[in-house]
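First up is the structure itself, then whatever we jot down about it.
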Amino acid sequence: MKTRVNTICPGIFPSKMRGVTVGKHSYNINHHAEKAALGCKAGRPGRPEEMVGPVLLLSSPAGGYMNHALLTVDGGRLMGANINDGIRMPEKSYTDEIRG
């Protein structure tokens, strides 16, 4: 069988879930997605046109020898990720209550 399986792991990009595309090259992104995008090394959400290169690579002969690849297109968010991303811990955490 000659099946190849590759994956693109996107970061924060405009979508129906995260905001509304307004016109061809401008878009609005909701507040939560915008805030999450600040955590990436690029410091902003991705633009739809920045997804074109990885998609073309995987769908062209240039990516013909790639198999089981994970392409992370996230502006560096994965490398800047923190265990507490998106989570607001209470002032008095569960472990403090146990010790207390």
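Just so it is clear, none of the values below were taken in a lab; they were calculated from the coordinates. From a predicted model like this one, the values you see are computed outputs, not experimental measurements. Every residue, glycine as well, gets a Cβ built from its backbone with ideal geometry; the counts of neighbours run over all protein chains shown.
Miscellaneous remarks
- Rounded to 0.05, the FRET efficiency of the L78 and E34 pair, given R0 = 22 Å and the Cβ-Cβ distance, is 0.75.
- Label positions at L56 and K2, each projected 7 Å from the Cα along the C-beta direction, are separated by 2.5 nm.
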